[in-house]
């Protein structure tokens, strides 16, 4: 492009002087009008702080430490606070990650959206309402007058993010900073939102600074990609070139940690270890004085078998009932119908002894390692607690078993005397895995066990899980919304939608040849980076035909 | 080396002085706090009576030291009663939910609905104005806030994954409550306990001032203050020193509570 850049970031450094940290080092990026630039990096890479600096919303401890940002050739440092404010909104707008908290819950949608127009536009009130409604219709919410007097809690997460986009785009900004705009949403909604965002910004010729940790997603929408690590830009270039021939080691590492398909394993044989038959889980909504109590079925008539040594993945969007299913199998939620059978013993009406037996052989790894480990217990005690329920193992053997489990999970046994808060996210998830495997369970439930982790850490944990699964040969129920994870680890895939199983089959059959439209839609929502013969990667669209359904 | 926070330093010094006064006062005082000396009534602070004497010629320093013991004892026992009973009910209520929760919370709301001092006055009228009665009635009043705080914390912890993980491991509910839920309540409880300690000390003084505390002639800060009112224009030291003791102790406890909260709250720790 030959046009003058819209925004130039030049040798920008940001620091937290109080803590002696430099969080962004000498970053230089130029963004042309109408261009989509992706900023990719893991947590702590400084990508969010860079985005915040562009809109002038750095949190107070962060201080400017050199360099400058120029908007249409004018340096931010030479502008007064009033001038900066006039640029915010009309010049540069922002969309935040969490649509639940970025809309004011006590203000109606209409008033919230009008706020910006009233501040910047000098437009009359009826005209403002007309514009807001038109924009709401444009983002697919609808053009009903009544929507304006609705409150944020009346909308779902995806709808709220649409509203956020609508209110940012109302002012027709020249640059939109989108910080992880779809991370909190499930895959299908994520794709819808991103498509909408790109369409809208293209219509208004708005440039986008797309900040995300999700490299395939960014690669799909951005024309150029900037890779950040530890506050420095390590590489930037055209998306296709960067994918095909990454220069920097870190970029290569990022790309290679994207999940790839493991070899297909022979189908597990033998009797089912866990057998779920026509399971029904209902949630009661408490009625008030004047409201009748109602029930909502989260899982309806679900049947599945898991054989010893088999990895079964359950995938689905949010609200598909996959987590509820896992919790019911783990015995954390009571179910209203059907049965869960473990080695021929029914759990629903099982006596205490068989229940205890089940507990011994089943364990769970949770999503968030920050909350699944008791913050007041040391790592050794956390792992050792798992052995408490096994009286047949003498206490004298506990120390050795704990050490073995930590080593198995690739952790230094020295960490046994640390508290969870002293460990990194990846290390904590390893502790959770050690805790689950120290008692050699026959069956492990992993509920979104890698979703909260950074890309490179996620790859490590996944390969660790796969390796341990091979070594210890436990059956595993893997709950996830991330199909890339399925690709790497699952033998069999179950697809859920609205509480029912819509498709089920071997991994290769489901991923390569899905028959149910929902499965196709799920697959098409996730961009895939495919290795090329030249050694790089290129973007591949899966089942693009289903995308527009 | 990190600098000691100012509130911890001042609070610590004040509380140490208070504790020392109370402890020494139990075994030794310059004079017998009850011994009257009509040769030296209402004498101002001097070399022989550092803080002066009251209308009966009793040494005020000795009386303050004995009173400190009473204050510390009653407030400590009140805190112990309120925290132990409140934690028990709070944990049971928050962890069991269902009907135990409903019964405990209803009774607790009834307790909360009464103005504290009024409730204590009523109870003391029944129980008699003894130290035991004061501790029991104040303990009951402050228990209700402990129940609230503990129940809220437990409700939050219940939803955390490590409590579920404990259930998945096959641990009993009692064990989970003891090993995982209770230790995580300690931080908010410590902060609340220090505030209760301050409230109890003030309430005990107020009750003594109103004549419903420990009966004269045994000295407490409250009844010393009450007795000195009549001599305000002749012997101002009789008002100043008990009042100063009460204020300094409360200030110390509150500062210490602030410091504890700062230390126990991990978010505050990061910022420091």
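The values are calculated or read from the model by the stated rules, or taken from the named source; none is laboratory data. Computed from a predicted model, the values in this text were never measured in an experiment. Here the Cβ is made from the backbone with ideal geometry for all residues, glycine too, and neighbour counts use every protein chain on show.
Can you tell me which condition residue A:184 does not meet? The list is (1) at pLDDT 85 or above; (2) outside any helix (DSSP H, G or I); (3) surrounded by fewer than 21 Cβ atoms within 10 Å (Cβ to Cβ), and all the others hold. Of (1) at pLDDT 85 or above; (2) outside any helix (DSSP H, G or I); (3) surrounded by fewer than 21 Cβ atoms within 10 Å (Cβ to Cβ), only one is false for residue A:184: (1). Give just the number: which of (1) modelled with pLDDT under 90; (2) assigned to a helix (DSSP H, G or I); (3) within 24 Å of the chain's Cα centre (by Cα); (4) more than 30 Å from residue A:327 (Cα to Cα) does residue B:230 not satisfy? Of (1) modelled with pLDDT under 90; (2) assigned to a helix (DSSP H, G or I); (3) within 24 Å of the chain's Cα centre (by Cα); (4) more than 30 Å from residue A:327 (Cα to Cα), only one is false for residue B:230: (3).
Taking the condition of being part of a helix (DSSP H, G or I) and within 13 Å of another protein chain (Cβ to nearest Cβ), how many residues in the range B:154-172 meet it? Break it down into steps so the answer makes sense when it comes.
So in the range B:154-172, the residues part of a helix (DSSP H, G or I) come out as B:154-158, B:161-168.
From what is left, the residues that are within 13 Å of another protein chain (Cβ to nearest Cβ) are B:156-158, B:161-168.
Qualifying residue count for the region: 11.
Is the range A:178-196 home to any residue that is more than 22 Å from residue A:98 (Cβ to Cβ) and in the same structural domain as residue A:26 (by TED's automatic domain parsing)? No: the range A:178-196 contains no residue that is more than 22 Å from residue A:98 (Cβ to Cβ) and in the same structural domain as residue A:26 (by TED's automatic domain parsing). Whenever a residue of the range B:65-82 is within 16 Å of residue B:136 (Cβ to Cβ), its partners that are not in a helix (DSSP H, G or I), lying with C-beta atoms within less than 9 angstrom and at least six residues away or across chains, give the pairs B:70/B:213; B:70/B:214; B:70/B:218; B:70/B:219; B:70/B:220; B:74/B:213; B:74/B:214; B:74/B:220.
Name the residues in the range A:344-363 that are at pLDDT 85 or above and more than 9 Å from chain B (Cβ to nearest Cβ), would you? Before you say what the answer is, go through the steps one by one.
Just the residues of the range A:344-363 that are at pLDDT 85 or above, to begin with: A:361-363.
Listed by number, the list holds a single entry, A:361.
Of all the criteria given as (1) farther than 30 Å from residue A:441 by Cβ; (2) crowded, with 17+ Cβ neighbours inside 10 Å; (3) within 14 Å of chain A (Cβ to nearest Cβ), the one not satisfied by residue B:225 is (3). Has the range B:185-208 got any residue that is over 13 Å from the mean Cα position of the chain (by Cα), crowded, with 20+ Cβ neighbours inside 10 Å and more than 14 Å from chain A (Cβ to nearest Cβ)? Yes, the range B:185-208 has at least one match.
Just to be sure, is residue A:297 in a helix (DSSP H, G or I), surrounded by 17 or more Cβ atoms within 10 Å (Cβ to Cβ) and in contact with a strand residue (DSSP E or B) (Cβ under 8 Å, 6 or more places away or on another chain)? Judged against the criteria, residue A:297 is not a match. Within the range A:33-52, identify whether any single residue is assigned by TED's automatic domain parsing to the domain that holds residue A:229, in contact (Cβ under 8 Å) with a residue 24 or more places away in the chain and over 29 Å from the mean Cα position of the chain (by Cα), and answer yes or no. Scanning the range A:33-52 turns up at least one residue that is assigned by TED's automatic domain parsing to the domain that holds residue A:229, in contact (Cβ under 8 Å) with a residue 24 or more places away in the chain and over 29 Å from the mean Cα position of the chain (by Cα).
I want to confirm something. Restricting to the range A:197-208 and keeping residues that are surrounded by fewer than 19 Cβ atoms within 10 Å (Cβ to Cβ) and in contact (Cβ under 8 Å) with a residue 12 or more places away in the chain, which single residue is nearest to the chain's Cα centre (by Cα)? Walk me through it before giving the result.
Taking the range A:197-208 first, the residues surrounded by fewer than 19 Cβ atoms within 10 Å (Cβ to Cβ) are A:198-199, A:202-205.
Subsequent filtering for residues that are in contact (Cβ under 8 Å) with a residue 12 or more places away in the chain retains A:198, A:202, A:204-205.
Working: A:198: 20, A:202: 26, A:204: 29, A:205: 29 Å.
Looking at residues that are surrounded by fewer than 19 Cβ atoms within 10 Å (Cβ to Cβ) and in contact (Cβ under 8 Å) with a residue 12 or more places away in the chain, I get A:198.
The condition of being touching a helix residue (DSSP H, G or I) at 6+ places or on another chain (Cβ under 8 Å), more than 9 Å from chain B (Cβ to nearest Cβ) and buried (at least 19 other Cβ atoms within 10 Å of the Cβ) does not hold for residue A:366.
Checked against the criterion of being more than 26 Å from residue B:210 (Cβ to Cβ) and at pLDDT below 85, the candidates B:169, B:177 yield just one match: B:169.
Meeting the requirement of 2 or more residues that are modelled with pLDDT of 90 or more and within 22 Å of the chain's Cα centre (by Cα), the strands (runs of 3 or more DSSP E) wholly within the range A:420-515 are A:443-447, A:475-480, A:492-497.
In the set (1) in the same structural domain as residue A:361 (by TED's automatic domain parsing); (2) farther than 19 Å from residue A:338 by Cα; (3) modelled with pLDDT of 85 or more; (4) out of contact with any helix residue (DSSP H, G or I) (no Cβ under 9 Å at 6 or more places or on another chain), residue A:252 fails one condition alone, (1). Condition check: modelled with pLDDT of 85 or more, farther than 29 Å from residue A:9 by Cα, assigned by TED's automatic domain parsing to the domain that holds residue A:155 and not in a helix (DSSP H, G or I). Does residue A:94 satisfy that? Spelling it out, it is not the case that residue A:94 is modelled with pLDDT of 85 or more, farther than 29 Å from residue A:9 by Cα, assigned by TED's automatic domain parsing to the domain that holds residue A:155 and not in a helix (DSSP H, G or I).
Any chance the range B:146-153 includes a residue that's within 14 Å of another protein chain (Cβ to nearest Cβ) and touching a residue at least 12 places away in the same chain (Cβ under 8 Å)? Yes, the conditions are met somewhere in the range B:146-153. Across the range A:77-84, not a single residue is classified as in contact (Cβ under 8 Å) with a residue 24 or more places away in the chain, buried (at least 21 other Cβ atoms within 10 Å of the Cβ) and either out of contact with any strand residue (DSSP E or B) (no Cβ under 7 Å at 6 or more places or on another chain) or over 25 Å from residue A:198 (Cβ atoms) (or both).
Residues of the range A:293-343 being free of Cβ contacts under 8 Å to residues at least 60 places away in the same chain, farther than 20 Å from residue A:480 by Cα and within 14 Å of another protein chain (Cβ to nearest Cβ), which ones? Scanning the range A:293-343 gives a single hit, A:334. Checking each residue in the range A:371-390 for being more than 9 Å from chain B (Cβ to nearest Cβ) and under 24 Å from residue A:457 (Cα atoms) picks out A:378, A:379, A:380, A:383.
Residues are listed down the side, and each one gets a yes or a no for (1) more than 20 Å from the chain's Cα centre (by Cα); (2) at pLDDT 90 or above:
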residue: B:54; (1), (2): yes, no
residue: B:77; (1), (2): no, yes
residue: B:83; (1), (2): no, yes
residue: B:98; (1), (2): yes, no
residue: B:105; (1), (2): yes, yes
residue: B:115; (1), (2): no, no
residue: B:123; (1), (2): no, no
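Scanning the range A:391-409 for residues that are surrounded by fewer than 17 Cβ atoms within 10 Å (Cβ to Cβ) and outside any helix (DSSP H, G or I), we see that the one that is farthest from the other protein chains (Cβ to nearest Cβ) is A:394. Considering every residue within the range A:431-445, establish whether at least one is over 17 Å from residue A:405 (Cα atoms) and in the same structural domain as residue A:495 (by TED's automatic domain parsing). Within the range A:431-445, one or more residues are over 17 Å from residue A:405 (Cα atoms) and in the same structural domain as residue A:495 (by TED's automatic domain parsing).
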